[in-house]
Amino acid sequence: MGDELMTGSSQKPLVAAAFGLKPSRYPIWFMRQAGRYLPEYRAVRSKVSFTELCQTPALAAEVTLQPLRRYDLDAAIIFSDILIPCVAMGQTLSFDKGEGPVLSHPVRSQADFAYLKRPVAERDLGYVGEAIAKTKASMRPEQAMIGFAGAPFTVASYMIEGGSSKNFTEVKKLLFTDRSVLTGLLDLIGDVTIDYLTMQVRSGADALMLFDTWAGQLTGLDYREVVFPVTKRVLDTVRQLGVPVTYFPGQGADRLFELAGLGVDVISVDWRTRLSNAQRILQGVGLDVSLQGNLDPQILIGPEAMVRERVRALLSEVRAANPRGHIFNVGHGLLPHTPPESLSWVISELRAQT
Ligand code: CP3
């Protein structure tokens with residue numbers, strides 16, 4: 001790598017690997033590394049609602065930093081949620097009913113759509129920018145601050161269903177009977193996401209990630225026709241900010257076949273898909289990107305020897321896949337029952353092997 005490229009933020013191992021440059025060490029972080037598996041998170045959370053936690057920069061910064069105090073990580077992801085912009089768009093978010101998020105005013109018609117507002121990111125979501133700036137002040141210079149948003153389709157799914165869903169029936173009703181409501185909503189979310197991620201980079205985010213957890217809930221044809229264009233528009237626009245951008249298409253390998261022409265630096269690979277298969281598919285559609293992932297987060301409930309063995313297995317999978325860069329991570333978010341010590345085993349094995 002040319003020395004001229006090793007300046008500024010590409011000295012951060014995560015940023016270098018994301019751009020396909022040689023990092024000074026192997027970058028690692030964990031999706032959902034801040035959260036309920038940590039007792040210090042539960043202590044903060046017991047005093048405030050989830051939305052309040054996200055909207056209070058000092059508290060959001062505190063829980064963002066908690067995993068960095070415990071573990072030798074190369075990045076922090078700002079503590080927030082993909083559904084926070086929905087609040088700025090006029091919906092109410094709660095987690096009271098036990099099972100996952102609940103959003104008021106589900107979007108099922110043109111009239112429901114007309115109720116939504118287009119937020120001004122600096123004014124209506126500025127607390128996320130403040131949390132980023134506050135967190136960054138306590139991070140080491142070689143650690144990357146990751147900003148994020150949900151991808152338009154995944155956010156739209158929650159906005160339409162009013163929460164989590166098994167069959168996405170309301171989404172499919174719009175797709176097959178009132179498509180202009182769905183495409184209008186996707187375009188609005190696309191615009192909001194561009195403003196929101198731009199604000200995060202202006203506040204100090206060194207890298208961005210777009211979570212498309214439910215990308216696998218559509219046929220490949222519908223994904224390509226309805227979801228791909230707006231996803232590409234968001235990625236093309238925010239990449240102009242100069243920071244590396246990661247896309248996570250959840251739920252399996254098939255979605256990777258539909259990504260030809262996507263402008264992105266890193267694909268975060270779901271745990272279900274071998275990295276070597278992901279790489280083969282992505283190369284087949286002409287995408288030369290870095291990969292992130294993809295330890296099965298449930299492996300972390302296993303004994304230490306098993307966890308270490310799976311870290312070594314993933315490293316040989318990376319060698320077989322041979323992507324231009326790799327960021328070590330799980331292949332979906334950490335779960336609340338994850339034993340905190342298992343993350344230390346993963347990191348120490350990675351450091352021992354690389
Ligand atoms: O550390 C981090 O990764 C940063 C914070 C973060 C959260 N959610 C915190 C959170 C991030 C990046 C997310 C993304 C997110 N949120 C996604 C995409 C990634 C994925 O997991 O697929 C999705 C689909 C959501 C929506 C969401 N938010 C759900 C389904 C839930 C409920 C989960 C549950 O188990 O109850 C949330 C709530 C949520 N987001 C929690 C956390 C720590 C738990 C809330 C609590 O403390 O009660």
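Using the rule -39500 (n - 2.57) for each DSSP H run of four or more residues, divided by the residues of the chain, the 222 nm mean residue ellipticity is -13000 deg cm²/dmol. When the chain is treated as a GNM with alpha-carbon contacts under 10 Å, the residue of 177, 169, 213 showing the greatest mean-square fluctuation is 177. Computed from the Cβ-Cβ distance with R0 of 45 Å, the FRET efficiency linking residue 36 to residue 254 stands at 0.90. Orientation-averaged projection of the stretch 135-291 equals 9.7 nm² [convex hull of Cα atoms, one quarter of hull surface area].
Of 266, 120, 87, the order by accessible heavy-atom surface (1.4 Å probe, DNA, RNA and ligands excluded), from most exposed downward, is 120, 87, 266. The alpha carbon centroids of the stretch 262-286 and the stretch 10-72 are separated by 25 Å.
Extension gain, residue 301-residue 105: 0.36 nm per intervening residue step, less the Cα-Cα distance, totals 66.8 nm.
Beyond 27 Å, the tail of the calculated P(r) for the stretch 1-142 holds 36 percent of the Cα pairs. Where does helix 57-70 land angle-wise versus the long Cα axis of the chain, in degrees 0 to 90, nearest 10? Between helix and principal axis, roughly 30 degrees.
Residues of the stretch 19-47 falling in the label zone of residue 130, defined by backbone nitrogen less than 17 Å from a point 7 Å along Cα to beta-carbon, are absent.
Short to long, the 20 Å bins of the Cα pair-distance histogram for the stretch 13-353 hold 32, 62, 6 percent of all pairs. When the charge dipole of the chain is built from unit charges on Cβ atoms (+1 for Lys and Arg, -1 for Asp and Glu) and taken about the Cα centre, the candidate among 50, 163, 67 whose Cα reaches farthest toward its positive end is 67.
Given a Förster radius of 25 Å and the C-beta distance between residue 69 and residue 283 as r, what FRET efficiency does 1/(1 + (r/R0)^6) yield to the nearest 0.05? For residue 69 and residue 283, the calculated efficiency is 0.05. Centre-to-centre separation between the Cα atoms of the stretch 229-258 and those of the stretch 129-194: 12 Å.
Within the chain, the longest run free of trypsin sites (Lys or Arg not before Pro) that sit in a DSSP loop with at most 12 other Cβ atoms within 10 Å is 167-354. With the simple spin-label model, which puts each label point 7 Å out from Cα in the Cβ direction, the residue 344 to residue 118 separation comes to 5.1 nm.
Taking amide hydrogens as placed 1.01 Å from N in the peptide plane, the amide H of residue 212 sits under 5 Å from those of 151, 248, 250, each at least 5 positions away in sequence or on another chain. Couplings for the stretch 319-330, taken from phi via the Karplus curve 6.51 cos²θ - 1.76 cosθ + 1.60 with θ = phi - 60°, read 4, 5, 6, 6, x, 5, x, 9, 10, 6, 6, 7 Hz in order; Gly and Pro are left as x.
The values are calculated or read from the model by the stated rules, or taken from the named source; none is laboratory data. What you are looking at is a predicted structure, and each value in this text was computed from that prediction instead of being measured. Every residue, glycine among them, receives a Cβ derived from its backbone with ideal geometry; neighbour counts consider all protein chains shown. In case anyone asks, the SASA skips ligands and DNA or RNA and just uses the protein heavy atoms, side chains included. Shrake-Rupley method; radii C 1.70, N 1.55, O 1.52, S 1.80 Å.
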